[in-house]
Amino acid sequence: MSERPREWDAPTYDRIAEPQTRWGARVVEWLDLRGDERVLDAGCGTGRVTELLLDGWADVSVIALDASSEMLAEARRRLARFRDRVTFVHADLAEPLPVDGRVDAVVSTATFHWVRDHDALFGNLATVMRPGAQLAAQSGAPGNVESVMDALRRLGTPSDIVFPTPQETRERLERAGFVDVETWTHPDAAEFATDEEFRSFLETVVLREQIASMAPADMPGFVERVLELIPPRRLDYVRLNMRAVRGPS
């Protein structure tokens, strides 16, 4: 795998993103908001978690940021009813963020593990956060989708995604200027109702990077080989949770 694919199949992702939405709802609950804050959704995807924020607090405004223009287009459709309470930003979290002013909180779900340089990631987030701003986020931890990772190694197509440990993440956050850092993990397996739903999730999310570099004719056979090597309709997710506060500038 040589590079991150540029775009997602956003409509399919939105249809199958129940696990990400469930995780996101939990992360949103960690925020301690008055109700009038400016929040950055870092990796908003199709806007499901952004919608939870906007529905949960009537006066909160959200910056919905994603590196995928296709995801943002889907998010715009989902969030049209919120009008000027949401701003959309097309940006890569590995690069300085084009966000005007500073935000009061950052929330993120199932995004950080797609960013290879976490020192740059946390530094970029800290730059757009005011002192005292909250970070509530969750991504992949060691052991995340290990059955798929093992299948990819056995097939000679290993993933280069590295899931950081809680200690590594704590140290990176502290280096970026965060305080009151909490990091921990928990298993959170995802179960799928049908073979079609499971296969679609694998193709759209988990195997996306491998498939992107293949000829279309090779993709079905590759997915079938992976399916033969992993448990049916189940992904062994392990989540890395993080809460922190932006320290003094």
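Annotations
- Residues in region 104-114 that are crowded, with 21+ Cβ neighbours inside 10 Å, among the hydrophobic types (A, V, I, L, M, F, W, C) and under 21 Å from Asp188 (Cα atoms): Val107, Ala110, Phe112.
- Hits in region 131-141 - residues which are over 14 Å from Ala189 (Cα atoms) and not in a strand (DSSP E or B): none
- Of everything listed in (1) more than 19 Å from Leu93 (Cβ to Cβ); (2) acidic (Asp, Glu); (3) in contact with a strand residue (DSSP E or B) (Cβ under 9 Å, 6 or more places away or on another chain), the single unmet condition for Asp66 is (1).
- Checked against the criteria, Gly123 does not count as on the phi > 0 side of the Ramachandran plot, touching a residue at least 12 places away in the same chain (Cβ under 8 Å) and not basic (Lys, Arg).
- Criterion: assigned to a loop (DSSP other than H, G, I, E, B), under 30 Å from Ile230 (Cβ atoms) and of a type in the set (Lys, Arg) - qualifying residue of Arg153, Arg116: Arg116
- Considering only residues in region 27-46 that are under 14 Å from the mean Cα position of the chain (by Cα) and modelled with pLDDT under 95, the one that is nearest to Val99 (Cα to Cα) turns out to be Gly45.
- Selection from region 53-82 of residues that are under 17 Å from the mean Cα position of the chain (by Cα) and surrounded by 19 or more Cβ atoms within 10 Å (Cβ to Cβ): Leu53, Val62, Ile63, Ala64, Leu65, Asp66, Ala67, Ser68, Met71, Leu72, Glu74, Ala75
- Residues that are in contact with a Phe, Trp or Tyr (Cβ under 9 Å, 6 or more places away or on another chain) and closer than 30 Å to Thr127 by Cα, drawn from region 224-249: Val238, Arg239, Leu240, Asn241, Met242, Arg243, Ala244, Val245, Arg246, Gly247
- Within region 132-188, the only residue that satisfies the criterion of being without any contact (Cβ under 8 Å) to a residue 12 or more places away in the chain and either on the phi > 0 side of the Ramachandran plot or touching a Cys at 6+ places or on another chain (Cβ under 8 Å) (or both) is Gly156.
- Elements of type helices (runs of 4 or more DSSP H) in region 193-249, at least 2 residues being farther than 16 Å from Ser159 by Cα: 195-201, 219-229
- Within region 114-137, the set of residues being of a type in the set (Gly, Ala, Ser) and within 17 Å of Val245 (Cβ to Cβ) comprises Gly123, Ala126, Gly132, Ala133, Ala136, Ala137.
The values are calculated or read from the model by the stated rules, or taken from the named source; none is laboratory data. Note that the structure is a prediction, hence the values are computed from the model and not measured. Heads up, the Cβs are rebuilt from the backbone with ideal geometry, glycines too, and the neighbour counts pull from every protein chain shown.
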